[in-house]
1. Select, from Ala373, Ala369, Ala410, the only residue that is touching an Asp or Glu at 6+ places or on another chain (Cβ under 6 Å) and not assigned by TED's automatic domain parsing to the domain that holds Leu150.
2. Count, please, the residues in the stretch 44-91 that happen to be away from the ligand (no atom under 16 Å from the Cβ), closer than 25 Å to Ala226 by Cβ and of a type in the set (S, T, N, Q).
3. Just the residues that are over 23 Å from the mean Cα position of the chain (by Cα), assigned to a helix (DSSP H, G or I) and of a type outside the set (S, T, N, Q), please, taken from the stretch 152-188.
4. Can you pull out the residues in the stretch 111-142 that are hydroxyl-bearing (Ser, Thr, Tyr), open to solvent by 30 Å² or more (accessible area, probe 1.4 Å) and assigned to a loop (DSSP other than H, G, I, E, B)?
5. Does Asp262 satisfy the condition of being surrounded by 23 or more Cβ atoms within 10 Å (Cβ to Cβ), part of a helix (DSSP H, G or I) and modelled with pLDDT of 95 or more?
6. Kindly indicate which of Ala76, Ala44, Ala59 is exposed (fewer than 14 other Cβ atoms within 10 Å of the Cβ), out of contact with any Gly (no Cβ under 9 Å at 6 or more places or on another chain) and not polar (S, T, N, Q).
7. Could you grab the pairs with beta carbons closer than 6 Å, sequence gap of 6+ or different chains, first residue in the stretch 404-433 and open to solvent by 50 Å² or more (accessible area, probe 1.4 Å), second one away from the ligand (no atom under 16 Å from the Cβ)?
8. Can you tell me which of (1) in a loop (DSSP other than H, G, I, E, B); (2) assigned by TED's automatic domain parsing to the domain that holds Val424 is the one Glu33 doesn't meet?
Amino acid sequence: MEHEWKTIIEPFKIKSVEPLGLTTRAERLEALERAHYNLFNIKAEKVLIDLLTDSGTGAMSAAQWGGIMTGDESYAGARSYYNFENEIRALTGFDEIIPVHQGRAAEKILFSVIGGKGRYIISNSHFDTTRANVEFSGAEAMDFPVKEALDFDKPAPFKGNADVPAMAKFIKEIGAANIPLCVMTVTNNSLGGQPVSMENLKAVQNLCRKHGIPMFLDCARFAENAYLIKLREKGYAQCPVREIAEEMFELADGAWMSCKKDALVNIGGFLAMNNREWSGKARQLLILTEGFSTYGGLAGRDLEAVAIGLREVLDENYLRYRIRSAQYLGEGLLKHGVPIINPPGGHGVYVNAKKFLPRISPSNFPAQALGCALYLEGGIRGVEIGTLMFGRRDPKGAFLPAPMELLRLAMPRRVYTQSHIDYVIEVFGWLAKNKESIKGLEIVEAPAILPHFTAKLKPAK
Ligand code: F0G
């Protein structure tokens, strides 16, 4: 008889290893000071466990490395491009497939075609580069998350959903003619890596159809979203995850993807749709800034690795391990009384720094302060999603408090094992007991656009 063993294991063995950056606390303090308390400025070799992002940081499989060796580097019409195109077409059903070097290149091109002053893009939540590209075109990015998304403590299965009545009200007020696109981000990265249900995608699609607004998916983490639908949505438990993913794409008029996430590659992306008028304009811009339409700024080997990764990511043993590892980290933090967005997201855990460090005011960047303390004590790197990242400023340039102060611990795919995560949990246990040692930060200098990448900070007086 087949046993149902409870332990969920990493469904791979390791063929090639890299040493971790082991440092002393004194070395980390020096690195932190040199980096002006901005973790983006820390040399990766000084980081022990790097949870800055799950983007481009995954481990490729032996099959993908094999694909790298057989990639076709022809400038035009490379075999690797057709493998890439066929794989994306089979998965998404879209005809027009445009390769780009990463997600934001697709965003820049798309919003150059359809954005502009007086236009509004509606979404469950825009990711920060999406928002920046919408705004750079002159258009406005409007988020409509469901209310439960903002109640971090109380678990709900689909906190990535869009608030459909709020969207409908906005469309009525502004007029559909001024809304060229609705984008559903799956999973919803800005609000905790939370999934969108099929029911919600259908409701948004219905609303958009009624008003003639195309709906696109920002599908960087489509496989994690599809697997969470399988686990949590009624009627999907027996459905193969690939079919769930295909159903998600069927509801949409187009998609773009940062392949650095769920295509299990270190670089790559695409823009896909059926609208020939838009794709024609997009290809012109592609040739201007990225490259010819059969490589879009990528090497043939990169296209090959994406084609293979898009198949591998839908392996349910992989997804079971993937989703379980984020849950494991989340459960470990909750046991130490560390507040998180509950439930944990598909690609990591978001610590609620506002609740963890209530004495540090938003003007002293509590999530950034927590991130720096986590690095100093444990060599672990996360990323702030709070006042520094959202960076709204008053006329004098002072930062206005963001609605949330989160520290995201994003998990690279197939990179760390359970003992690495046990270590992260242990360090958080120590921080929870020694919270008083964590001090707020203040700005030394910060640019106007996307300040979190390059701002300089120092401990507050
Ligand atoms: N959309 C989503 C939902 C993303 O998470 C990202 C990137 C992008 C678009 C842009 O793609 O980086 O390939 O240009 N997210 C990374 C992160 C950077 O850390 O979450 P890109």
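1. On the way: Ala373 fails: touching an Asp or Glu at 6+ places or on another chain (Cβ under 6 Å); Ala369 fails: touching an Asp or Glu at 6+ places or on another chain (Cβ under 6 Å).
Matching residue, one of Ala373, Ala369, Ala410: Ala410.
2. Summing the residues that are away from the ligand (no atom under 16 Å from the Cβ), closer than 25 Å to Ala226 by Cβ and of a type in the set (S, T, N, Q) in the stretch 44-91 gives 4.
3. Let us first name the residues in the stretch 152-188 that are over 23 Å from the mean Cα position of the chain (by Cα), namely 165-166, 168-180.
Filter once more, so that each one left must be assigned to a helix (DSSP H, G or I): 165-166, 168-174, 176-178.
Within the stretch 152-188, Pro165, Ala166, Ala168, Lys169, Phe170, Ile171, Lys172, Glu173, Ile174, Ala176, Ala177 meet the criteria.
4. Once the filter is applied, which keeps residues that are hydroxyl-bearing (Ser, Thr, Tyr), open to solvent by 30 Å² or more (accessible area, probe 1.4 Å) and assigned to a loop (DSSP other than H, G, I, E, B), the stretch 111-142 yields only Ser137.
5. Details: surrounded by 23 or more Cβ atoms within 10 Å (Cβ to Cβ): yes; part of a helix (DSSP H, G or I): no; modelled with pLDDT of 95 or more: yes.
So Asp262 fails the test.
6. On the way: Ala44 fails: out of contact with any Gly (no Cβ under 9 Å at 6 or more places or on another chain); Ala59 fails: exposed (fewer than 14 other Cβ atoms within 10 Å of the Cβ).
The match here is Ala76.
7. Val415/Ala59
8. With respect to (1) in a loop (DSSP other than H, G, I, E, B); (2) assigned by TED's automatic domain parsing to the domain that holds Val424, Glu33 is out only on (1).
The values are calculated or read from the model by the stated rules, or taken from the named source; none is laboratory data. Note that this is a predicted model, so its numbers are computed, not measured. Neighbour counts are summed over all protein chains in view; Cβ atoms, including those assigned to glycine, are modelled from backbone coordinates with ideal geometry. Heavy atoms of the whole protein, side chains included, go into the accessibility calculation; ligands, DNA and RNA do not. Shrake-Rupley method; radii C 1.70, N 1.55, O 1.52, S 1.80 Å.
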